[in-house]
Amino acid sequence: MSEVKLTAESRTEFGKGAARRLRRAHKVPAVLYGHGTEPVHVALPGHATMLALKHSNALLTIELGGGRTTLALPKDVQRNPIRGEIEHVDLIMVRRGEKVTVDVPVHLVGEVVPGTITTLELNTLSLTVEATSIPASVELSIEGAPAGTQFRAGQVPLPAGATLAGDPDQIVAVLSAPEAEEKAEEAPEGDVVAEAGAES
């Protein structure tokens with residue numbers, strides 16, 4: 001995933017009023033944590049931050065002024081529940097070569113046997129990977145898989161250098177045949193009708 005540069009401004013005013021003023025100026029209040037340092041309170045450009053955070057696990061290069069920069073990953077993004085605008089961001093500082101554990105989206109690819117329904121049970125996989133090499137997603141091929149197939153986390157191909165941090169036995173996707181399920185559900189209802197007819 002490519003790095004996105006954001007220029008930060010130092011923030012000395014805090015509280016809801018200060019945050020509202022920043023947002024009116026199209027800026028986003030943010031806090032940088034990590035590596036045993038004191039939290040750094042900054043304001044980020046609103047539109048550029050919104051675009052950058054459209055991608056999960058976006059790797060950000062934060063320019064702090066005075067020639068100082070730091071790499072960071074989004075830890076928590078607070079959005080307005082109605083308008084969807086970013087209201088606050090918590091960022092974790094990382095270093096090149098440092099390994100981090102992140103949740104990466106799972107994308108299913110390929111075609112299954114006709115008439116088969118695919119259910120994605122796990123939307124993301126927890127991976128340990130270098131901070132500068134976080135994949136945008138991982139792909140699981142379900143090509144030609146018949147009904148009754150289950151795919152587990154340990155079966156998902158991972159990019160070089162990445163390891164699975166979660167349970168390898170977690171079910172990621174299940175393939176089923178809806179016709180068989182419908183017949184199984186209808187059978188007890190038929191038995192009830194037969195019994196009712198016998199009693200009359």
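The values are calculated or read from the model by the stated rules, or taken from the named source; none is laboratory data. Everything numeric in this text was worked out from a predicted model, so none of it was measured. No Cβ is skipped: glycine too gets one built from the backbone with ideal geometry, and neighbour counts run over all protein chains shown.
A few comments on the model shown:
- Any hit, the range 92-99, residues being free of Cβ contacts under 8 Å to residues at least 24 places away in the same chain and surrounded by 17 or more Cβ atoms within 10 Å (Cβ to Cβ): no
- Test: residue in the range 148-161 that is at pLDDT below 95, small (Gly, Ala, Ser), buried (at least 16 other Cβ atoms within 10 Å of the Cβ) and farther than 30 Å from ARG95 by Cα: no
- From the list THR118, THR70, THR61, the lone residue that is assigned by TED's automatic domain parsing to the domain that holds GLY148 and β-branched (Val, Ile, Thr) is THR118.
Table: residues versus (1) assigned to a loop (DSSP other than H, G, I, E, B); (2) closer than 30 Å to LEU53 by Cβ; (3) not charged (D, E, K, R).
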| residue | (1), (2), (3) |
| --- | --- |
| VAL100 | no, yes, yes |
| GLY115 | yes, no, yes |
| VAL129 | no, yes, yes |
| PRO159 | yes, yes, yes |
| ASP169 | yes, no, no |
| VAL172 | no, yes, yes |
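- Only one entry in VAL174, VAL104, VAL109, VAL129 is within 30 Å of GLU38 (Cβ to Cβ) and either surrounded by fewer than 18 Cβ atoms within 10 Å (Cβ to Cβ) or under 16 Å from the mean Cα position of the chain (by Cα) (or both), namely VAL129.
- Here GLY84 meets each of (1) more than 13 Å from GLU9 (Cα to Cα); (2) surrounded by 18 or more Cβ atoms within 10 Å (Cβ to Cβ); (3) not acidic (Asp, Glu) with one exception, condition (2).
- Only one of the numbered conditions (1) more than 18 Å from ILE134 (Cα to Cα); (2) without any contact (Cβ under 8 Å) to a residue 40 or more places away in the chain; (3) outside any strand (DSSP E or B) is not met by ALA43, and that is (3).
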